[in-house]
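Structure record follows, encoded as structure tokens.
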Amino acid sequence: MPRFSANLSMLFTEVPFLDRFIRARRAGFEAVEFLFPYDHPAQHIRERLDDAGLQLVLHNLPAGDWEAGERGIACHPDRVDEFRRGVERAIEYATALGVPRLNCLAGKAPAGVQDAVLRQTFVENLRYAAGELKAAGLTLLIEPVNTFDIPGFWLNRTTQALDVMDEVDAGNLLLQFDLYHAQRMEGELAGTLTRHLHRIGHIQLADNPGRHEPGTGEIHYPFLFEHLDRLGWNGWVGCEYKPATTTEMGLGWFRSFAKETA
């Protein structure tokens with residue numbers, strides 16, 4: 001079975017953020033990820049990781065004003081300077097926290113801007129970010145996000161992301177493949193994994209509908225986990241879902257697969 005990381009932005013939210021690390025470890029996770037670390041000093045997060053014996057596998061570049069509904073600024077032509085400052089800040093945190101990969105959210109398409117301009121901005125920002133991350137020994141990811149949950153999100157399909165990656169042409173730029181977002185936009189999960197696994201740097205999961213834990217919806221996760229094994233996936237699978245009740249009560253699927261691999 002794959003190795004699972006707990007997304008602390010969505011799991012164990014019954015307690016404050018810095019208290020979620022030990023909860024994840026006690027639940028059996030060996031790795032964690034989250035959206036953003038920037039509300040906390042890096043040293044405080046580093047201490048929680050070390051105390052719990054956890055590996056941090058992913059966080060995002062700064063993505064604008066999240067509380068105001070922004071979901072990334074990488075395609076916004078009027079915010080390139082802000083994006084580049086965010087790359088610098090993310091690398092500082094990544095270096096302090098030992099995280100090997102950073103995800104870049106394209107953001108919602110701003111009104112009145114032609115699609116070609118959005119794409120050009122995104123590509124140029126990715127080239128800059130990939131170069132800075134390469135110098136720091138880091139991998140850059142981009143993630144298609146479904147437009148049902150986030151209307152207007154510019155990067156929303158796997159083929160679109162791969163086309164952008166081809167244009168950027170950076171060896172350290174890979175795809176973050178979120179099974180939930182892909183299911184909502186295009187389906188064909190097993191086939192996409194088979195065709196493009198060599199270009200995927202991280203996988204995330206949630207079931208559909210509801211974005212809850214595996215086993216609550218239509219996605220046949222036991223098959224997909226076995227499929228990833230057959231394909232030889234040796235990366236992490238991030239658990240980025242909203243528990244249907246509480247985090248611990250919804251971890252039966254995780255405990256079941258953990259027993260199979262014990």
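The values are calculated or read from the model by the stated rules, or taken from the named source; none is laboratory data. Computed from a prediction, not measured in an experiment: that's the story for all the values here. All Cβ positions, even for glycine, are placed from backbone atoms using ideal geometry, and neighbour counts span all protein chains on display. Accessible surface is based on the protein model in full, side chains and every heavy atom, while ligands, DNA and RNA are left aside. Shrake-Rupley method; radii C 1.70, N 1.55, O 1.52, S 1.80 Å.
Some notes on this structure:
- The single residue among Gly215, Gly171 that is farther than 26 Å from Arg127 by Cβ and not hydrophobic (A, V, I, L, M, F, W, C) turns out to be Gly215.
- Residues located in region 240-262, provided they are open to solvent by 40 Å² or more (accessible area, probe 1.4 Å), out of contact with any Gly (no Cβ under 6 Å at 6 or more places or on another chain), hydrophobic (A, V, I, L, M, F, W, C) and modelled with pLDDT under 95: Ala262
- For Leu118, the stated conditions do not hold, so it cannot be described as touching a residue at least 40 places away in the same chain (Cβ under 8 Å), within 27 Å of Leu8 (Cβ to Cβ) and open to solvent by less than 10 Å² (accessible area, probe 1.4 Å).
- Of the strands (runs of 3 or more DSSP E) entirely within region 127-236, those holding at least 2 residues that are open to solvent by less than 20 Å² (accessible area, probe 1.4 Å) and farther than 20 Å from Arg71 by Cα occupy 200-205.
- Search result, residues across region 105-126 that are under 16 Å from Asn156 (Cα atoms), touching a strand residue (DSSP E or B) at 6+ places or on another chain (Cβ under 9 Å) and either assigned to a helix (DSSP H, G or I) or aromatic (Phe, Trp, Tyr) (or both): Phe122
- Note on region 92-104: residues that are surrounded by fewer than 20 Cβ atoms within 10 Å (Cβ to Cβ) and part of a helix (DSSP H, G or I) total 4.
- Selection within region 69-91: residues that are without any contact (Cβ under 8 Å) to a residue 24 or more places away in the chain and among the basic types (Lys, Arg). The member of this set that is surrounded by the fewest Cβ atoms within 10 Å (Cβ to Cβ) is Arg85.
- Among the residues making up region 42-68, those that are free of Cβ contacts under 8 Å to residues at least 60 places away in the same chain and of a type in the set (A, V, I, L, M, F, W, C) are Ala42, Ile45, Leu49, Ala52, Leu54, Leu56, Ala63, Trp66, Ala68.
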